[in-house]
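As structure tokens, the structure follows; a few thoughts come after it.
The values are calculated or read from the model by the stated rules, or taken from the named source; none is laboratory data. The structure presented is a predicted model; accordingly, all values stated were derived computationally and were not measured. Every residue, glycine as well, gets a Cβ built from its backbone with ideal geometry; the counts of neighbours run over all protein chains shown. Calculation scope for accessible area: heavy atoms of the full protein, side chains included, ligands and nucleic acids excluded. Shrake-Rupley method; radii C 1.70, N 1.55, O 1.52, S 1.80 Å.
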Amino acid sequence: MSIVSKLNVLMTMKRPQSQIDYLREKLDDDINLIMPRDYSEEAILEHIKEADVLLGNYITEAMLESGNIKLIQVPIAGIEKLDFELLSRYDIPVCNSHSNALPVAETAVALLLSIAKKIPYHDRLLRKGDWNKTTKEDSKEALSLHNSYVSNSKVGFIGYGHIARNIARLLSGFSCELMAIVNDKSKKYDELSFIGDQDDLDYVLSSVDYLIVAVPLTPKTEGMLNMDNLVKMKKTAYLINISRGRVIDEEALFYVLSNNLIRGAALDVWYKYPEGEELTMPSNYDFHKLHNVIMTPHRADIMYDGYPFIDDAIDNLKAFRDGKELKNILDLSKRY
């Protein structure tokens, strides 16, 4: 890979101004960020001849045919909006960003602890003066005054990539037994007591106290958790989803929660997202009416101290300019 004296980077994905400012602050002067007047194909094509790199997840055939693009960099982890069939026809590296792994992992652990200890539930009650002492002491109902151990529990991961491995490290002080469903179970991880593939999904679901969903959304993983297998979880188990909503069938998830077939769930990813600033409920089902659910609006990697999910993209732009090795190059045939 050759060194580039000046790199022109064309944005194809709308980002808030604060993130644009963060990019400009972190990029060197010889990396020129080009902003189209809007994010339509027409507006992007106005700058395509001068661009070396496309920065975003909106990529069309016209962009690739009209320009001389040498790198496609997605500045986030999620890549489900990419046209993989199109991209596979070009000899252009496509990368995403995994520098969100630690903040998302911290959020996942916070959600796990919050749902296990019923912190939001008791907070809501105590604000009304309700100490939640009316339940009989021997009751183990999901919304009783009792909470669940995390220490020495079994934690299962659906997917064991950057985020899940960070979660495992953060949980190390709780002496949990860790299990994972992975795409390639020939890989070995010393911290895992069990490594399986999708054929072992039912076994993991029926074994764990906490299930953490951290797999990318692909045609293979969409709906992989559904009515057939979610009902095999323990009634005392909890589910934490920090990947994408559609990995879990929406109706099935609502069913098992509303019928107390599992003890609770903490969800940072959803099924419906707002188009603009209007109020939008995140699902077609009334999750907001359930007391055994923690709901957060896809905020796991939004930090006071910057935008860490962009940092891998920034590193890759500098590496590409300097002729160095890129990280997070996607396998387009596997779609991740």
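Out of the total accessible area of the chain (probe 1.4 Å, heavy atoms of protein only), what percent is carbon and sulfur?
In the chain, the share of accessible area belonging to carbon and sulfur is 48 percent.
For mean projected area of the Cα convex hull in nm², several values are listed as (i) 19.1; (ii) 17.8; (iii) 16.7; flag the one computed from this structure.
(i)
Just to make sure I understand: if all protein chains stay in place, what is the order of Met13, Met303 by accessible area at 1.4 Å, largest first?
Descending accessible area places them as Met303, Met13.
Nearest 20 debye, what's the magnitude of the dipole of the range 266-336 about its Cα centre given +1 on Lys and Arg Cβ and -1 on Asp and Glu Cβ?
That gives the range 266-336 a dipole magnitude of about 260 debye.
Assigning unit charges at the beta carbon (Lys, Arg +1; Asp, Glu -1) and nothing else, what dipole magnitude in debye, to the nearest 20, does the range 27-115 show about its Cα centre?
Computed charge dipole of the range 27-115: roughly 280 debye.
Would you kindly find the accessible area of Tyr203, with a 1.4 Å probe and non-protein molecules such as ligands, DNA and RNA excluded, rounding to the nearest 10 Å²?
For Tyr203, the solvent-accessible surface is approximately 120 Å².
Whole-Hz Karplus ³J(HN,Hα) for the range 204-210, in order, using 6.51 cos²θ - 1.76 cosθ + 1.60 and θ = phi - 60°, x for Gly and Pro?
Per residue, the Karplus-derived 3J(HN,Hα) values read 5, 4, 7, 9, 8, 8, 9 Hz.
Using the Cα centre of the range 1-54 as the reference point, and only Cβ charges (+1 on K/R, -1 on D/E), how large is the resulting charge dipole? Debye, rounded to the nearest 20.
In debye, rounded to 20, the range 1-54 gives about 120.
What 222 nm value per residue comes from the helices of the chain, counting each DSSP H run with n ≥ 4 as -39,500 (n - 2.57) and dividing by all residues, nearest 500 deg cm²/dmol?
Taken over the chain, the calculation gives -7000 deg cm²/dmol.
Return the inverse of the average 1/r over all pairs of distinct C-alpha atoms in the range 188-336, which is the Kirkwood hydrodynamic radius, in Å to one decimal.
Taking the inverse mean of 1/r over all distinct Cα pairs, the range 188-336 comes out at 17.7 Å.
Can you give me the accessible area per residue for the range 211-336, using a 1.4 Å probe, in Å²?
50 Å²
So with the 1.4 Å probe, I'd like the accessible area per residue for the range 4-139, rounded to whole Å².
Ligands and nucleic acids excluded, the figure is 50 Å² per residue.
Using the Karplus curve 6.51 cos²θ - 1.76 cosθ + 1.60 with θ = phi - 60°, what ³J(HN,Hα) values do you get for each residue of the range 188-202, in whole Hz, with x for Gly and Pro?
Calculated HN-Hα couplings, in order: 10, 10, 4, 7, 8, 7, 8, 10, x, 10, 4, 5, 9, 4, 4 Hz.
When the C-alpha atoms of the range 271-336 are aligned to their principal axes, what extent does each axis show, in angstrom, from largest down?
Here the Cα extents, ordered largest to smallest, are 53, 35, 26 Å.
Mind checking which of Lys187, Lys117, Lys232 has the largest fluctuation in a GNM of the chain, springs on alpha carbons under 10 Å?
Taking springs between Cα atoms under 10 Å, the residue moving most is Lys187.
Using heavy-atom solvent-accessible surface (probe 1.4 Å) with all chains present, what is the largest-first order of Cys95, Cys176?
Descending accessible area places them as Cys176, Cys95.
HN-Hα J couplings of the range 318-323 from phi, Karplus 6.51/-1.76/1.60, θ = phi - 60°, integer Hz, Gly and Pro as x?
5, 5, 5, 4, 8, x
For Leu71, which sequence-distant residues (separation of 5 or more, or a different chain) have an amide H within less than 5 Å of its own amide H, given hydrogens modelled in the peptide plane?
Result for Leu71 returns Leu54.
I'd like the trypsin sites (Lys or Arg not before Pro) in the range 1-81 restricted to DSSP loop residues with at most 11 other Cβ atoms within 10 Å, sorted by number.
Lys6, Arg37
At 1.4 Å probe size, with no ligands or nucleic acids counted, give the accessible surface of Ser66 in Å², nearest ten.
Accessible surface of Ser66 is approximately 40 Å².
Return the subset of Lys70/Lys324; Lys81/Lys235; Lys70/Lys334; Lys81/Lys187; Lys187/Lys272 for which the Cα-Cα distance in this structure is over 25 Å, preserving the input order.
The pairs that break the limit, which is 25 Å between Cα atoms, are Lys81/Lys235; Lys81/Lys187; Lys187/Lys272.
For the chain, give me the percentage of DSSP beta bridges that are antiparallel, rounded to the nearest 5 percent.
Counting only bridges with both partners in the chain, antiparallel ones make up about 5 percent.
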